[in-house]
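These notes concern the structure reproduced below.
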Amino acid sequence: MSWPSNSGPTKTERAAWRDRYGETDAAAGIETTGAFEPFSQRNDIFTRAFWDPSVRSRQTDAFFASYRMQASYRKGDGFRQRDFALRNASWLISDIISNRSAEQGRREGFQAPIACDTPVAEAREDIDNPTAMATEIKRIARFFGGDLAGITDFDPRWLYTARVDTRDFSEADHDLPEGLTSVIVLGHQMDRDLVATYPSALAGAATGREYSHEAAIVLQLAAYIRNLGYQAVPSMNDTGLVIPYAVKAGLGEYARNQMVITPEYGPRLRFSKIFTNLPLAHDAPRKLGVAAFCNQCSECADACPVRALPFGAPAESAPDNMSAIRGVRKWTSDASACFGYWAKLQSDCAICMRVCPFNRDFSNFRNRLWLKLALGRWRRWALWWDKRSDRAKRMKPRDWWRPEE
Ligand code: SF4
Ligand code: SF4
């Protein structure tokens, strides 16, 4: 399945979406406008870095090459050979999966769904209780290593209009099976100490480790579902925008730093997903109070070294922001400025994750108390308390390594 190329949604489709999703969108804090159009993955900044001369540069090529042992090691703390070595090793399993069909132009997990080697069983397990099945799927997701799991509708608005054929960066069909009904969204917690070292190549190990975990977990969970006789398509960053699915699945709320903030791990997560027709009850979205907090906070936007995050209220994206979805009123980053900084660093940046007041260890009682205040009418006080603490302070990468030295 994919959207017909170059044709946006019809009036009838828009009306049907309003009827079907209007109520749950409102509950999730998702606001679409008449200008809404599904997003083409060809326009995401990472894909543009291959075909769009306004994004591609020697620096962006060097950024991608640095993940394959061609980094320019520096004397600077956090950018030494061992920092890049740990980061690249963390990505290994994800790389193996994403490169295995490269010759067919399918970068699995990033620009194409992950191919599941397990066939769908001919015999189909009877499922007469979708609520019990949803509970079971979440349990199995945890068994395989997922930290959070939620389930939502297979909402076609968030599917990319097409996948990207990485041989020539043209658009190609997703080849999704017909009849999909649900999206299982999984959250994968990033290592707190590594996140504390952003910006550094070392910190990128927190990202890479979770992509490698994700690849294994979605493949295993999909294999379980396929053994039950149902379709399951494992997916990471490919095929559709995971953020609206995660929010609709009740895992958290969208924030100014472009992340989903969860009560369990704050913004310190990556998300993966599985598209399926397994009969499953869906979770309800939750308005936790994160957006209300973000309305009074700008820690992430203040800390961004290239001013890529917005101040002020959510708004529709600027018409020249090609890497942003059209017709959604939300906080939107300047992806070109953000990725330009990544390219300069030769590693991913998540300063906006590190400094966010919700980036805390919620197994700690004081932090749980802070959360309660931050999500209620004491939010101003919670913000004041956070600003007075040294919670957001960067950990020196050499301090992360010190126990080994
Ligand atoms: S990742 Fe870094 S550069 Fe990008 S928006 Fe966040 S702080 Fe800014
Ligand atoms: S730093 Fe503040 S404004 Fe930014 S996402 Fe976190 S809570 Fe929201």
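Residue-wise test of (1) more than 13 Å from ligand 2 (Cβ to nearest atom); (2) of a type outside the set (Val, Ile, Thr); (3) in contact with a strand residue (DSSP E or B) (Cβ under 7 Å, 6 or more places away or on another chain).
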residue	(1), (2), (3)
Glu253	no, yes, yes
Gly266	no, yes, no
Phe275	yes, yes, yes
Asn295	no, yes, no
Ser298	no, yes, no
Exercise. Just wondering, is there one or more residues in the range 160-175 that are in contact (Cβ under 8 Å) with a residue 40 or more places away in the chain and either farther than 19 Å from Gly105 by Cα or within 16 Å of ligand 2 (Cβ to nearest atom) (or both)?
Worked result: no
For this session: Among the numbered conditions (1) over 24 Å from the mean Cα position of the chain (by Cα); (2) surrounded by 13 or more Cβ atoms within 10 Å (Cβ to Cβ), tell me where Phe84 comes up short.
Result: (1)
For this session: Quick one: in the range 261-284, of everything that is assigned to a loop (DSSP other than H, G, I, E, B), surrounded by 23 or more Cβ atoms within 10 Å (Cβ to Cβ) and more than 17 Å from the chain's Cα centre (by Cα), which residue is farthest from ligand 1 (Cβ to nearest atom)?
Result: Leu278
Seminar exercise, completed: Counting only residues that are surrounded by 21 or more Cβ atoms within 10 Å (Cβ to Cβ) and either out of contact with any strand residue (DSSP E or B) (no Cβ under 8 Å at 6 or more places or on another chain) or assigned to a strand (DSSP E or B) (or both), the range 92-112 contains a total of 4
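Quick check on Ala246: is it assigned to a helix (DSSP H, G or I), over 16 Å from Trp91 (Cβ atoms) and among the small types (Gly, Ala, Ser)?
Values: assigned to a helix (DSSP H, G or I): yes; over 16 Å from Trp91 (Cβ atoms): yes; among the small types (Gly, Ala, Ser): yes.
For Ala246, the condition - assigned to a helix (DSSP H, G or I), over 16 Å from Trp91 (Cβ atoms) and among the small types (Gly, Ala, Ser) - is met.
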For this session: Tell me, yes or no, whether the range 341-361 has at least one residue that is more than 19 Å from Thr207 (Cα to Cα), touching a residue at least 40 places away in the same chain (Cβ under 8 Å) and either away from ligand 1 (no atom under 16 Å from the Cβ) or surrounded by fewer than 20 Cβ atoms within 10 Å (Cβ to Cβ) (or both).
Result: no
Exercise. Mind checking which residues of the range 291-330 are part of a loop (DSSP other than H, G, I, E, B), under 25 Å from Trp381 (Cβ atoms), of a type outside the set (S, T, N, Q) and more than 11 Å from ligand 1 (Cβ to nearest atom)?
Worked result: Cys297, Phe311, Gly312, Ala313, Pro314
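Can you tell me which residue within the range 215-260, out of those that are more than 16 Å from ligand 1 (Cβ to nearest atom), among the charged types (D, E, K, R) and over 22 Å from Gly22 (Cβ atoms), is surrounded by the fewest Cβ atoms within 10 Å (Cβ to Cβ)?
If we take residues in the range 215-260 being more than 16 Å from ligand 1 (Cβ to nearest atom), among the charged types (D, E, K, R) and over 22 Å from Gly22 (Cβ atoms), then Arg226 is surrounded by the fewest Cβ atoms within 10 Å (Cβ to Cβ).
Every number here is computed from the coordinates shown, using simple stated rules; none is lab data. It should be emphasised that the depicted structure is a prediction, and the values quoted were computed from it without experimental measurement. In this analysis, Cβ positions are derived from the backbone assuming ideal geometry, glycine residues included, and neighbour counts consider all displayed protein chains.
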